[in-house]
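Since the structure comes first, as structure tokens, the remarks are kept for the end.
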Amino acid sequence: MSELTAFLCAGTAAAHRRLGEWARPLGMDVRMVEVPCGGKVEVVQILRALLVSEGVLVAGCPADACRHLTGNVRARARVAYVQGLLPQLRLEPQRVAWAELGPDGAIKLERALGDLAESLSGLGPNRGRVSAR
Amino acid sequence: MGVLTGCSDRACLGVDLPAGVEPLVPCRPEGLARVRSLLEQGQAVVVLSCGRELAEREGFPAGLACVDVREIAWLAPDEASLRRRLDAALTAAQRRAAALGWHPAVPRRFPAERKVLVLGAGVAGREASRALAALGCPVLLVEGGPGPVTGLGASVEVAVSTTLAGLTGHAGAFTARLAGAVSGEVSCGAVIVATGCRWELRSDCYGGLCPGAGIATVAGPFAAADVPAKVTFWLDAAPGEGRWCFEPALRTAVSMAGAGSSVYILHREARVAGDGLEALYAEARRRGVTFVKYDRVAPAAGRLVAVEAGSGRELAAPEGLIVLGLSAAPAADAPAIAGALDLDTGPDGYLQADSVHAEPVLTRRRGIYVAGSCRGPMTEAEAIRDARAAAMGAGALIAGGEIGRTWPVAVVDPDKCALCLTCQRACPHRAIVVDSVARAASAVPQACYGCGVCAGECPAKAIQVEGYADAAMLAEIGEVGR
């Protein structure tokens, strides 16, 4: 069972979680970390999550729909930055993913987590991981 | 590990608390006192209850984590899933509460000026002023035109031929600079922008027709006495027309048809996507109004005719009194107003509420609201609804004479602040101010939305957000090196 960390922005993702899509079993161990806005997710936090899990998903609002105007843009840029950084650390960039959640975010979040888990299954264990959860 | 406490009201919570949980009722004074005393002793406290309001009321103290057990209980499909999810939530909360990060107390209540500045004395501005007066807020209604503006009651002060030159401060304590007939500075707690939009007749799209004998526009007055025998509403030939033209045309058509006129409405699209418009359309049909859907307008034998696109067939020619649609465009001073208020204009030039996630009348700055056609053309009914919503928003924020904070805010550590102003540039809500004496930036709690965009950008790691301190977040992500 793949262990994932998901950063969920309070604007969309956490709201969807409250709507109850997690009533369905996901079939994976996901640690949800709620943040007030995607712009709050920092590079160091994404890297830290990679030390303790197999992959990281950052989920925020679609383009032009961030309540804080540019939080989603910043989050997306940081995910891209980490993806560029990982090969230098001999890690696979696919371990970090960004997901845009709209009004149908419940399905999208589930799909994004599923996609991430699937791409991770082809990679083998995370060599950068230092501890179990 | 924190002290585990939980609401002992099982009927309310809907679930039995796990073993080892100290029972208390956090919404009763004794329960609250117990939580406070534990926090004062420097203990981390996890409260299992029915929401996060406790953290909000207590000002997001470090060391307090709330788990919404009732929500988990309601949403869990079965007992095993409930226990699993409860365990996960509890572990996360304990980690978060145990990470006692740097976290100075920020006040919860701030005095607020009760006066509201309303810009624009159109439909929306007058309605907002009336609604605010009913809420007990004094209003200064500023109108750029010469007026007069009357009939709004004693608590609405009116300044005509006056414009807003600038605005400083934040929600509850704005200072507006006025220019024109009334000039000088005015203190206000909130601002409602209702400056409307510009309506213009695009004669070029209507074959050069201009208002005059036999030609009017949808905004023009129609006296009951001079209801013509034949009237043609000619709409949709110009860009910028929409239901805001269709609605007054329909309304007038219904009354004219009722008075015995034969009425034609030439349109490209029946714009009925609005409250009551479908019913109005049906009423017009019932009264014998003839709707003609055309594709383009072409000159024919010295007059204009509406033509079907494919066949080129002539459908109808405007007859009798011709009433033309008006194009809506952003007011000429929209950029100036946006500049004075530090708001954005949207891609089409209107002052828009910036985000589809915010409520429509909210702007990116707390305490500044946009109502009516200044944020996009709309019908009168829609503008009135907007104005009431904005007035309610402003009233809820400041009518009590103070702002009671229920949101987490960013806190800047002045010792770490290097005054690089990155936070000020990044802040989407214009909440960051720079104290030149302390030589540090700070977030104004009344204006801050607690989004943490500044905290994410700060190169010196000098900014923490209440409830989302770095230490608490790292603890929640997971312990390293065990």
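Nothing in this text is a laboratory measurement; each read-out follows from the coordinates by a stated rule. What you are looking at is a predicted structure, and each value in this text was computed from that prediction instead of being measured. Don't worry about glycine lacking a Cβ; one is built from the backbone with ideal geometry, like all the others, and counts go over all protein chains shown.
Tabulated values for the structure
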read-out	value
Relative counts (whole %) of C-alpha pair distances in segment B:84-237, using bins that are 10 Å wide	9, 24, 18, 16, 16, 9, 5, 3, 0
Coarse-grained scattering of the protein assembly as shown at q = 0.07, 0.09, 0.13 Å⁻¹, given as base-10 log I(q)/I(0) from a Debye sum over alpha-carbon atoms	-0.58, -0.87, -1.29
Order of B:369, B:350 under a 10 Å beta carbon neighbour criterion, fewest first	B:350, B:369
Between segment B:237-286 and segment B:25-59, the Cα center-to-center distance that results, in Å	58 Å
C-alpha center-to-center spacing [segment B:132-209, segment B:416-433] in angstrom	30 Å
Extended-chain gain in nm, criterion 0.36 nm per residue less alpha-carbon gap, residue B:185 and residue B:105	25.5 nm
Cα gyration tensor of chain B - equivalent ellipsoid semi-axes, whole Å, descending	56, 28, 21
Contour excess over end-to-end distance, with Cα ends at residue B:259 and residue B:229 and 0.36 nm allotted per residue	9.9 nm
Within the protein assembly as shown: Cβ-based charge dipole about Cα centre, in debye rounded to nearest 20 (Lys, Arg +1; Asp, Glu -1)	560 debye
Modelled FRET efficiency - R0 45 Å, residue B:83 with residue B:36, Cβ distances, 0.05 increments	0.90
Those lysines that a straight Cα-Cα span of less than 29 Å connects to residue A:108, excepting residues fewer than 8 apart in one chain	A:40
Model label zone, residue B:413; criterion: amide N under 15 Å from point 7 Å along Cα-to-beta-carbon; scope segment B:105-130	B:105
Separation in nanometres of the label points that stand 7 Å from Cα toward Cβ, at residue B:437 and residue B:296	7.0 nm
Point-to-point label distance, residue B:480-residue B:319, nm (Cα→Cβ direction, 7 Å offset)	8.3 nm
Sorted by Cβ density within 10 Å, fewest first, the residues A:50, B:201	B:201, A:50
Residue order, fewest to most beta carbons within 10 Å, for A:28, B:473, B:256	A:28, B:256, B:473
Calculated FRET value between residue B:175 and residue A:77, using beta carbons and R₀ = 30 Å, to 0.05	0.25
